[in-house]
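See structure below.
The values are calculated or read from the model by the stated rules, or taken from the named source; none is laboratory data. Remember, predicted model here, so these are calculated numbers, not experimental data. Please note: Cβ atoms are built from the backbone with ideal geometry, for glycine as well, and neighbour counts cover all protein chains shown. Surface areas here come from the heavy atoms of the whole protein model, side chains and all, with no ligands, DNA or RNA. Shrake-Rupley method; radii C 1.70, N 1.55, O 1.52, S 1.80 Å.
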Amino acid sequence: MNFDETDGQKPLARMTYWQKTFGCQMNENDAERVAGMLEMAGALPVSTLEEADIAIFLTCCVREKADERLMGQVASLKNIPPAHGDKRIVCVGGCIGQRDGEKLQQQLKHVDVVFGTHNLGHLVRLIERRMQTGTAVAETIESNDGFSSELPLHRDKPWHAWVPIMTGCNNFCTYCIVPYVRGREASRPIEDIERELNGLAAQGVKELTLLGQNVNSYGRDLYGYPRFADVLNIAGTCGVERVRFVTSHPKDLLPETIEAMAAHPTIMPQLHLPLQSGSDRILSAMNRKYDTARYRSLIATLREKIPDISLSTDIIVGFPGETEKDFQATYDLVKEVSYGQVFTFIYSKRAGTPAAEMDDPATHEEIQDRFDRLVALVQEQAHAENAKELGATVPVLVEGTSKRDERFLAGKSPKNQTVHAPLPAGATIDEYLGRIVNVKVDETKTWYLRGQLVDA
Ligand code: SAH
Ligand code: SF4
Ligand code: F3S
């Protein structure tokens, strides 16, 4: 991705910035690049909007709620004056920025800078232009402009790295806006990825997450066939202790990928495999290009090769035309697979996608009722999956303290479960951040495990 280098000058010196990130890991990764670029240009991060001269929103439009939330937040900025300077510079990037471009400034008059998902590298120049000319600026382009991994970086958690291996999506699931705002699939050359991974190991990073909308089709545009297994083999042996990846599409998950996962103990025994629906009729209307038989056989292979694997998924309830029978098929398949975590969504109409034109006879009440039944099932399931860990000693990568009680450290197990344990008397969390510690689990809940620190 092109980056406007500032030749050692600091165009944003003495300015403060604050940013808010919505949506998926793509935006979380981009947020670390925004921080890197602004800090290189001289700006300092602040923890509240009130103190900030520059406010940046990295937005998501995958569902309507995310859209509305941004509008509300940006609209309310008008009432919060900046601490210094006479005007706060409001910047909106991410997927809404890409989708709406300058239209956004007609709706929200006090938005100063709009930038698209492919224009991240120009953010500092756009802010500068706004300061010099006093007029609002918007910049979005259609095509991919390389990888954000070429931009400066300020890692949110020094022990964790996002590693984008591809951007965009070619799948055009009929409900989904992502291909329209993130562009077509583009893979990063494997040599670049390898160089970055070796660098991360040398820096002492403990965990990395390979990122892409559909990591399983990695390489199709570069090498003619997917080579995600090759990326996994490199990541699994690069020296970083924990490797994760998102997102996998069931139609492209190959046996060689499952073999690579099983071969490396550094690849965590966890897979997010979005199902979306358990009805073949609905899967076909969604253009998912797999059926439930294929999904079931993937789960069987995964469990055979990686017996302790923890599975998570995404489900959409209320896709246009979904009947009670279709929903029941989803409910039954979720029950059969038994996931550690399920992200449940009510279908949200996205303008410009094929599903937005489809009729839906189901009422809001019917859809809400299906959703509630599914949520009850997934909570039960999450608890049952966590209960399997009772009495086990699990290695936990410490990420901070428990939100409920600061005397407890909080971190993640290999299966990505949240784990809490009391800090030893007199210890502070800073001594533990980014370390992998062993916790013997003595209590299991729906959303977390609790235990005591033990030696290995
Ligand atoms: N590339 C990833 C996920 C992208 S969006 C994948 O294919 O799995 C994350 C999730 O949001 C999707 O898996 C889907 O469950 C949900 N989602 C996407 N569009 C939606 C819509 N219009 N309404 C409701 N949920 C949606
Ligand atoms: Fe959206 Fe489907 Fe692409 Fe995922 S695979 S980003 S759900 S179009
Ligand atoms: Fe949202 Fe864009 Fe991610 S629409 S889910 S932030 S790719």
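A few points about this structure:
- The average projected area of the range 153-387, computed from the convex hull of its Cα atoms over all directions, is 13.3 nm².
- D by Stokes-Einstein for the chain, Kirkwood Rh over Cα pairs, 25 °C, 0.890 mPa s: 104 µm²/s.
- Judged by the ratio a/c of the largest to the smallest principal axis of the C-alpha gyration tensor, the range 353-414 counts as prolate, that ratio being 1.5 or greater while a/b is larger than b/c.
- Less than 5 angstrom separates the built amide H of A410 from those of E399, G400, T401, S402, all sequence-distant by 5 or more or on a different chain.
- What a 1.4 Å probe finds exposed on the range 153-387 is 52% carbon and sulfur by accessible area, rounded to a whole percent.
- Hydrodynamic radius of the range 329-456 per Kirkwood, over alpha carbon pairs, in Å: 17.0
- For V396, the residues whose amide H sits under 5 Å from its own are V437, N438, V439, ignoring neighbours fewer than 5 places away on the same chain, with H placed 1.01 Å from N.
- Modelled label reach - N170, point 7 Å along Cα→Cβ, the range 201-230 residues with backbone N closer than 17 Å: 212-229
- With θ taken as phi - 60° and the Karplus curve 6.51 cos²θ - 1.76 cosθ + 1.60 applied, the whole-hertz 3J(HN,Hα) list for the range 66-74 is 5, 4, 5, 4, 5, 4, x, 5, 5 Hz, x standing for glycine and proline.
- Efficiency of FRET between T323 and H364 - r from beta-carbon atoms, R0 25 angstrom, step 0.05: 0.95
- What a 1.4 Å probe finds exposed on the range 16-139 is 51% carbon and sulfur by accessible area, rounded to a whole percent.
- The spread of Cα positions in the range 81-138, taken along each principal axis and listed from longest to shortest, comes to 31, 24, 19 Å.
- With protein chains left intact and a 1.4 Å probe, residues in the chain average 44 Å² of accessible area per residue.
- Extension gain for the segment S284 to T133, taken as residue separation times 0.36 nm less the Cα-Cα distance, is 49.2 nm to one decimal.
- Judged by the gyration tensor of its Cα atoms, with axes a ≥ b ≥ c, the range 186-276 is oblate; a/c meets the 1.5 cut and b/c is at least as large as a/b.
- When the pairs K349/K412; K103/K349; K20/K87; K251/K388; K10/K87 are compared against a 24 Å limit on Cα-Cα distance, K349/K412; K251/K388 fall above it.
- Residues whose amide H comes within less than 5 Å of that of L44, counting only those at least five positions distant or on another chain, are M15, T16, Y17 (H built at 1.01 Å from N in the peptide plane).
- Each residue of the range 295-304 was assigned a 3J(HN,Hα) from its phi angle through the Karplus curve 6.51 cos²θ - 1.76 cosθ + 1.60 (θ = phi - 60°); the sequence is 4, 4, 5, 4, 4, 4, 5, 4, 6, 6 Hz, with glycine and proline shown as x.
- Among beta bridges from DSSP that stay inside the chain, the antiparallel ones total about 35%.
- Mean projection area, nm², convex hull over Cα of the range 10-137: 6.9
- Selection among L374, H84, T117 by position relative to the dipole of the chain gives H84 as farthest towards the positive end (Cβ unit charges, Cα centre).
- Whole-number percent relative contact order across the chain, with pairs defined as alpha carbons under 8 Å at least 6 apart: 10
- Dividing the helix sum by the residues of the chain, where each DSSP H run of 4 or more adds -39500 (n - 2.57), gives a mean residue ellipticity at 222 nm of -10000 deg cm²/dmol.
- Rounded to the nearest whole Hz, the Karplus-based 3J(HN,Hα) values (6.51 cos²θ - 1.76 cosθ + 1.60, θ = phi - 60°) of the range 114-120 follow the sequence 10, 9, x, 5, 9, 10, 3, with x at glycine and proline.
- Taking Cβ atoms as reference points and 9 Å as the exclusive limit, the residues near G278 contribute a net charge of -4, counting Lys and Arg as +1 and Asp and Glu as -1.
- Residue-level accessible surface for E128, protein heavy atoms, 1.4 Å, Å²: 50
- Separation between Cα centres of the range 267-281 and the range 178-202, rounded to whole Å: 23
- Scattering profile of the range 393-454 at q = 0.16, 0.22, 0.29 Å⁻¹ [log10 I(q)/I(0), Debye over alpha-carbon scatterers]: -0.40, -0.77, -1.40
- Q73-E256 pseudo-label distance in nm [points 7 Å out on the Cα-to-Cβ vector]: 4.1
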